[in-house]
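The values are calculated or read from the model by the stated rules, or taken from the named source; none is laboratory data. All values reported here derive from a predicted model rather than from experimental measurement. Cβ atoms come from the backbone with ideal geometry, glycine included; neighbour counts cover every protein chain shown. Each accessible area value is taken on the protein alone, full model and side chains, heavy atoms only, with ligands, DNA and RNA left out. Shrake-Rupley method; radii C 1.70, N 1.55, O 1.52, S 1.80 Å.
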Amino acid sequence: MIALLQFVLVLVLAPLLSGLIKTLKARLQTRRGPGILQPYYDIHKLFQKGMVLPDTASWIFSATPYIVFTTTALAGLMIPMVSADAPLGLYGGVLAIVYLLGLGRFFLALGGLDTGSSFGGLGSSREMTIAALAEPAMMLAIFTVAIGANSTALSQVARTAIAQNWRFLAPAQILAFAALFVVLIAETGRIPVDNPATHLELTMIHEAMVLEYSGPYLALIEWGASIKQLVLMTLLINSFWPFGLQLEWSAWGAVVSLGWLLLKLAALAVCIVLVETTNAKMRFFRVPELLAVAFTLGALALVSTFLF
Amino acid sequence: MNMPLPVALFQLGLLVYLAGAAAALLAWRRPQKARLAAFGLPVLGGVVQLAASAAALSGGSASVWTLPLGTALFPWTVRLDPLSSYFNLALSFLVIAISLYSLDYLRDMEEHRNLGAMGFFYNLLLLSLTLVFTAANAFFFLIAWEVMALTAFCLVTFEHEKEEARSAGVLFLIMSHAGTGMLLAAFLMLAAAAGNLDFASFHLLASRLSAPQQAVVFLLFFLGFGVKAGVVPLHIWLPDAHPVAPSNISALMSGIVIKTGIYGMARVFFDFYGAPPLWAGTVVLAAGVVTALVGVLYALMEHDLKRLLAYHSIENIGIILMGFGAALLFRALGYANLAAIALVAGLYHTLNHAIFKGLLFLGAGSVLHSTGTRNMEHMGGLIRRMPATALFFLIGAVAISGLPPLNGFVSEWLTYQALLAGFGTTQSLTRLMFPIAGSLLALTAALAAACFVKAFAIPFLALPRSDAARSAKEAPLAMQAAMGILAAACIALGLGASWFVKVFDPITEQALGIRISASLVAGRGFALSAGAPHSGTVSTAGIALFLVALGAAAGYLVSRLARSQRRSTGPVWDCGLPGLTADNEYTATAFSKPLRLIFSVLYRPRREIQAEYEVSPYYPKAIHFESEIEPTFEKHVYGPLKDWILGVARRMRAIQAGSVHAYLAYIFVTLILLLLFEVRG
């Protein structure tokens, strides 16, 4: 039952978060921007459309949208959002989430290459490269958090963090948070790593992979991408600032926790928007340097556990 | 004589392999009969051995007996203990699939190849592998070890008219013997302490040696077995030797022959040593990390499908060694529970790698069989011509990339958990090694995923890049069945992880004195736990179930919401560029270009572009592009070593005058020296 509620929450909240980020970004750039609900309209519209499958593509191309959507949605069920106990926490912790997202990415890259279009191959190649370089930084940050809780189960991580007030101010936590924030930027394809607002630019990464998708398949992929963003953002906020998470189930408590979740997500969204607006997109071969910074931050986080 | 069931089955299995070798000799001039007998019998032998090792593992206790060969001083003792049986299990399972595959794979070779010879060496290799895993006497072990090396050499150089096969074979033989030399020295040092050559008397013996002796024995064993396993920098023979063999042999080499090195290490580390010194575990863990990273980085640069797979074998050996290294460290630090988890992680990955690497090599063999090339740049679009091979190869690719819910994910997850727990085991700086190793394992796994996107997509997806790929044919039935068996095992070992871990109980009990599976299982048996309460769980079966359920829900959603259902196929849009041809496709070289530039410190890439043009450089008539990476280890480690050896040999030529008198003098001097030594000693 709770699993079902969270499933609905993940599906509904993910496009809203994308819309919020787009709107905030537009306002910061003194544009009006599309409405905050625009992603819902987009998904709805895409589901109504017909689709054109490239004649060069195989069944991998058609299976990919489903795999991307289901892996991200399943990851969304393994993460504590409202209650400290994730509905499917037993089925996997933070490692399973990272690897489920990896499974989705694997097939997305195959889907990009499946059509034979050189843009698809270009996107797949870049996506896999950046993901590979982001992985060690991500794992170091995750290790720092997991070592503190002595567990890779996210509910245990959250409970430990709740039990120790103000723990998020410890140097190790701040450094690990910074490392994971950089990884979040890279993994969700945001400026300065990738530009989510671009189409038909030679610098595109994610958009290049999904260039040949249309109609309902594109809707599933876009929805999946926004769920991935939600999952990673929730992972960040609920591992480092878990306050407001519900420890015991009660209806009123759930409402309060949901309020906290939205507030924290909005705060993180503001951070992302600030980074996106104040930075220019990096040259692709500068990205490894950014990720090396994240790796160093993660390593420093580990070393600082010796000192503090 | 009343013989225990595992022993009876084991002996029967050995006889079947022997019969296979004999039949191959008998049918020397009749290739069809040779093929059927020499590869049909091992299918049966594999089944019998599988039953024998399963029975021995479930029985728990070790059975020992002596083959009626050998002498009193050098008895041919065989022991079926849990560790041996586990490796025999991996071997025999792979043997079933590979032999089945060979039945159809070799059909085309009947005309122009001596299949009798191949069958003879193949069966002897299987026999010697079985004995390597089960020999319980150092002398007998080394005999089996050498027979294995020689038969493997004969199989690697089977297509000996090719220059690359001959040079790869020679390199393999040299490296292999250097390794055997180190093993011989190490065994002799142990034998001097024990007074005999029996493995039973080596048990925990190494830990009773003096500290310097312990170190020497440990390093000799690690290097000696490391050569066979392909530990960096002893790996250089592996990417040459594995691909040049026929693909069924490649699968056997990469799947199980390199695991003899792993078996040897497991035997030494967890049987001969009680608690090895702390630095030993550090060395193994560091070697594992370096091996994994170097292996995957070189794999990324390959566009020869089989060489790519061979480099991935090196990577996976690294991952296995991470588990072993962590287990050694935990043992030295006194955490038997954690050591058991790390050991289970390493052993689980050993079996997993045997299965998915066997599968991938068989898949590559099917592609080679039907397109005649190993170069990925000449393949493409094979998923349409060879749908079954493509599906099985994809399963192998997902498994080796460590993605859920397949088997590679399970063993990597266990490795992560062991490394994670390591941080709390010590206060010294050593503990930083664990998370660093974990993060580099994450890098390795992510690079492997990138590599297998390439290794699957370039050959199997998009448009065919050559006429051979355009007219490719699906593999025959026996080959499909063999790949299907291994693919099914990848799935079963992934989804059934929480049930399969029970298999390791007798092994950890033998090695460390504890049974660990009960604490590795959570949630009514369908989830895997990291060992301690609240320490993290994962359920691959649950993940698979939910993926299927959610996928079905999404499929329903699409079919309901997409009312119009106007689904049409058209030419690729490609940003509006018309006329996509195979020339426009992304190539394997292009795919890995970003990584080639990012890791250029290691690769030192060199490229050369020559353009011919008539009027303006903007309209070239022809472009010649060449790009290669520098073989760092061959050039900077082995090059100087080779020069040094040749230099020493040149100087030694002075004493090899060819005169009988000089040689007689040498013999006389040696004799005097030996006599003096004996008198003084």
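Residues checked against (1) touching a Pro at 6+ places or on another chain (Cβ under 9 Å); (2) open to solvent by 30 Å² or more (accessible area, probe 1.4 Å); (3) in the same structural domain as B:Phe356 (by TED's automatic domain parsing):
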| position | (1), (2), (3) |
| --- | --- |
| B:Phe452 | no, no, yes |
| B:Ala468 | no, yes, yes |
| B:Glu474 | yes, yes, yes |
| B:Ala478 | no, no, yes |
| B:Ala487 | no, no, yes |
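Out of all the residues in region B:623-644, which are under 15 Å from B:Ile236 (Cβ atoms) and of a type outside the set (Phe, Trp, Tyr)?
Initially, region B:623-644 is screened for residues under 15 Å from B:Ile236 (Cβ atoms), giving B:629-642.
Within region B:623-644, B:Ile629, B:Glu630, B:Pro631, B:Thr632, B:Glu634, B:Lys635, B:His636, B:Val637, B:Gly639, B:Pro640, B:Leu641, B:Lys642 meet the criteria.
With A:Thr64, A:Thr70 as the choices, which residue is assigned to a helix (DSSP H, G or I) and more than 10 Å from every other protein chain (Cβ to nearest Cβ)? Before the answer, list the steps.
Values: A:Thr70 fails: more than 10 Å from every other protein chain (Cβ to nearest Cβ).
Going through A:Thr64, A:Thr70 in turn, just one is assigned to a helix (DSSP H, G or I) and more than 10 Å from every other protein chain (Cβ to nearest Cβ): A:Thr64.
Inside region A:73-93, can you point out the residues that are more than 8 Å from every other protein chain (Cβ to nearest Cβ) and either open to solvent by 10 Å² or more (accessible area, probe 1.4 Å) or of a type in the set (Val, Ile, Thr) (or both)?
If we filter region A:73-93 for residues that are more than 8 Å from every other protein chain (Cβ to nearest Cβ), which is where we start, we get A:75-76, A:78-87.
Answer for region A:73-93, where residues must be more than 8 Å from every other protein chain (Cβ to nearest Cβ) and either open to solvent by 10 Å² or more (accessible area, probe 1.4 Å) or of a type in the set (Val, Ile, Thr) (or both): A:Ile79, A:Val82, A:Ser83, A:Asp85, A:Ala86, A:Pro87.
Across region A:297-307, which residue is nearest to the other protein chains (Cβ to nearest Cβ) among those that are in contact (Cβ under 8 Å) with a residue 60 or more places away in the chain and either buried (at least 20 other Cβ atoms within 10 Å of the Cβ) or not small (Gly, Ala, Ser) (or both)?
Taking region A:297-307 first, the residues in contact (Cβ under 8 Å) with a residue 60 or more places away in the chain are A:297-302, A:304-305, A:307.
Now restrict to residues that are either buried (at least 20 other Cβ atoms within 10 Å of the Cβ) or not small (Gly, Ala, Ser) (or both): A:297-302, A:305, A:307.
Numbers: A:Leu297: 12, A:Gly298: 7, A:Ala299: 7, A:Leu300: 12, A:Ala301: 10, A:Leu302: 5, A:Thr305: 8, A:Leu307: 13 Å.
Filtering first and then ranking leaves A:Leu302.
What's the number of the only condition in (1) at pLDDT 95 or above; (2) within 14 Å of chain B (Cβ to nearest Cβ); (3) farther than 30 Å from B:Asp574 by Cβ that A:Leu265 fails to meet?
With respect to (1) at pLDDT 95 or above; (2) within 14 Å of chain B (Cβ to nearest Cβ); (3) farther than 30 Å from B:Asp574 by Cβ, A:Leu265 is out only on (2).
Only one of A:Ala109, A:Ala132, A:Ala137 is open to solvent by less than 10 Å² (accessible area, probe 1.4 Å) and more than 7 Å from chain B (Cβ to nearest Cβ). Can you tell me which?
Values: A:Ala109 fails: more than 7 Å from chain B (Cβ to nearest Cβ); A:Ala132 fails: more than 7 Å from chain B (Cβ to nearest Cβ).
Exactly one residue qualifies, and that residue is A:Ala137.
Of A:Val193, A:Val145, which residue is open to solvent by less than 30 Å² (accessible area, probe 1.4 Å) and under 23 Å from B:Leu419 (Cβ atoms)? Don't jump to the end; show me each part of the working.
On the way: A:Val193 fails: under 23 Å from B:Leu419 (Cβ atoms).
Every option except A:Val145 fails the conditions.
Hey, A:Ile36 hits all of (1) within 18 Å of A:Met233 (Cβ to Cβ); (2) buried (at least 21 other Cβ atoms within 10 Å of the Cβ); (3) among the aliphatic types (A, V, I, L, M) but one; which does it fall short on?
Only one criterion is unmet by A:Ile36, namely (2).
Just wondering, is there one or more residues in region B:53-68 that are open to solvent by 60 Å² or more (accessible area, probe 1.4 Å) and closer than 22 Å to B:Phe121 by Cβ?
Of all residues in region B:53-68, those open to solvent by 60 Å² or more (accessible area, probe 1.4 Å) come to B:58, B:61, B:64, B:66, B:68.
Adding the requirement that they be closer than 22 Å to B:Phe121 by Cβ leaves none.
No, that holds for no residue.
Among (1) touching a residue at least 12 places away in the same chain (Cβ under 8 Å); (2) open to solvent by 50 Å² or more (accessible area, probe 1.4 Å), which single condition is B:Pro82 missing?
Against the list (1) touching a residue at least 12 places away in the same chain (Cβ under 8 Å); (2) open to solvent by 50 Å² or more (accessible area, probe 1.4 Å), B:Pro82 comes up short only on (2).
Out of A:Gly50, A:Gly116, which single residue is over 30 Å from B:Met379 (Cα atoms) and within 8 Å of another protein chain (Cβ to nearest Cβ)?
Details: A:Gly116 fails: over 30 Å from B:Met379 (Cα atoms).
Result: A:Gly50 is the single residue among A:Gly50, A:Gly116 that is over 30 Å from B:Met379 (Cα atoms) and within 8 Å of another protein chain (Cβ to nearest Cβ).
Does A:Ser155 qualify as being small (Gly, Ala, Ser), within 9 Å of chain B (Cβ to nearest Cβ), in contact (Cβ under 8 Å) with a residue 60 or more places away in the chain and touching a His at 6+ places or on another chain (Cβ under 9 Å)? Walk me through how you get there before you give the answer.
Numbers: small (Gly, Ala, Ser): yes; within 9 Å of chain B (Cβ to nearest Cβ): yes; in contact (Cβ under 8 Å) with a residue 60 or more places away in the chain: yes; touching a His at 6+ places or on another chain (Cβ under 9 Å): yes.
Criteria met by A:Ser155.
May I ask you to list the residues in region B:204-228 that are of a type in the set (Lys, Arg), within 19 Å of B:Ala511 (Cα to Cα) and open to solvent by less than 60 Å² (accessible area, probe 1.4 Å)? Spell out how you get there, then give the answer.
Step one: list which residues in region B:204-228 are of a type in the set (Lys, Arg), which gives B:208, B:228.
Filter once more, so that each one left must be within 19 Å of B:Ala511 (Cα to Cα): B:208.
Within region B:204-228, no residue meets the criteria.
When the residues of region B:514-532 are narrowed to those that are out of contact with any Gly (no Cβ under 9 Å at 6 or more places or on another chain) and at the interface with another protein chain (Cβ under 9 Å from one of its Cβ atoms), which ends up surrounded by the fewest Cβ atoms within 10 Å (Cβ to Cβ)?
By that ranking, first place goes to B:Ala532.
If you go through region A:164-173 one residue at a time, do you hit one that is away from every other protein chain (no Cβ under 11 Å), at positive phi, open to solvent by 10 Å² or more (accessible area, probe 1.4 Å) and out of contact with any Phe, Trp or Tyr (no Cβ under 7 Å at 6 or more places or on another chain)? It would help to see each step written out before you state the result.
First pass over region A:164-173, keeping only residues away from every other protein chain (no Cβ under 11 Å): A:164-173.
With at positive phi added as a condition, the list becomes A:166.
Then keep just the ones that are open to solvent by 10 Å² or more (accessible area, probe 1.4 Å); that gives A:166.
Now drop any that are not out of contact with any Phe, Trp or Tyr (no Cβ under 7 Å at 6 or more places or on another chain), which leaves A:166.
Yes, region A:164-173 has at least one match.
Restricting to region A:112-129, and then to whatever is under 14 Å from B:Lys593 (Cβ atoms) and more than 16 Å from the chain's Cα centre (by Cα), can you tell me which residue is surrounded by the fewest Cβ atoms within 10 Å (Cβ to Cβ)?
So the residue we want is A:Ser118.
Scan (1) at the interface with chain A (Cβ under 10 Å from one of its Cβ atoms); (2) surrounded by fewer than 21 Cβ atoms within 10 Å (Cβ to Cβ) for the single condition B:Ala462 breaks and write down its number.
(2)
Return the residues of region A:140-152 that are in contact (Cβ under 8 Å) with a residue 12 or more places away in the chain and at the interface with chain B (Cβ under 7 Å from one of its Cβ atoms); say none if nothing qualifies. Lay out the reasoning, then the answer.
First, pick out the residues of region A:140-152 that are in contact (Cβ under 8 Å) with a residue 12 or more places away in the chain: A:140-149, A:151-152.
Across region A:140-152, the qualifying residues are A:Leu140, A:Phe143, A:Ala146, A:Ile147, A:Ser151, A:Thr152.
Of the numbered conditions (1) under 35 Å from the mean Cα position of the chain (by Cα); (2) modelled with pLDDT under 85, B:Arg567 satisfies every one except a single condition; which is it?
Against the list (1) under 35 Å from the mean Cα position of the chain (by Cα); (2) modelled with pLDDT under 85, B:Arg567 comes up short only on (1).
Conditions tested, residue by residue: (1) of a type in the set (Asp, Glu); (2) touching a Leu at 6+ places or on another chain (Cβ under 9 Å); (3) without any contact (Cβ under 8 Å) to a residue 12 or more places away in the chain.
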| position | (1), (2), (3) |
| --- | --- |
| A:Ala172 | no, yes, no |
| A:Ala176 | no, yes, no |
| A:Leu184 | no, yes, no |
| A:Ile191 | no, no, no |
| A:Glu201 | yes, no, yes |
| A:Pro216 | no, yes, no |
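How many of the residues in region B:173-201 are part of a loop (DSSP other than H, G, I, E, B) and crowded, with 17+ Cβ neighbours inside 10 Å? Step through it out loud before you land on a result.
So the first thing to find is which residues in region B:173-201 are part of a loop (DSSP other than H, G, I, E, B), and the list is B:195-197.
Next cut, crowded, with 17+ Cβ neighbours inside 10 Å only: B:197.
Looking only at that region, the number is 1.
If you take just the helices (runs of 4 or more DSSP H) that sit entirely in region B:533-639, which of them hold at least 3 residues that are surrounded by 12 or more Cβ atoms within 10 Å (Cβ to Cβ) and touching a residue at least 60 places away in the same chain (Cβ under 8 Å)? Can you show your working first?
Details: elements: B:540-561, B:588-591, B:593-598, B:600-603.
Per the criteria, B:540-561, B:588-591.
Scan region A:197-223 residue by residue and report those that are more than 16 Å from A:Pro39 (Cβ to Cβ), at the interface with another protein chain (Cβ under 10 Å from one of its Cβ atoms) and within 20 Å of the chain's Cα centre (by Cα).
A:Ala208, A:Tyr217
Just need a number here: residues in region B:384-439 that are surrounded by 24 or more Cβ atoms within 10 Å (Cβ to Cβ) and of a type in the set (Ser, Thr, Tyr).
Looking only at that region, the number is 6.
Is it the case that region B:296-318 has a residue that's among the β-branched types (Val, Ile, Thr), surrounded by 24 or more Cβ atoms within 10 Å (Cβ to Cβ), out of contact with any strand residue (DSSP E or B) (no Cβ under 7 Å at 6 or more places or on another chain) and more than 27 Å from B:Phe504 (Cα to Cα)?
Within region B:296-318, the first condition is being among the β-branched types (Val, Ile, Thr), and the residues that meet it are B:296, B:314, B:317.
Pick out the ones that are also surrounded by 24 or more Cβ atoms within 10 Å (Cβ to Cβ) and you get B:296, B:314, B:317.
Next, from what is left, pick out any that are out of contact with any strand residue (DSSP E or B) (no Cβ under 7 Å at 6 or more places or on another chain): B:296, B:314, B:317.
Still in the running and more than 27 Å from B:Phe504 (Cα to Cα): B:296.
Yes, that holds for at least one residue.
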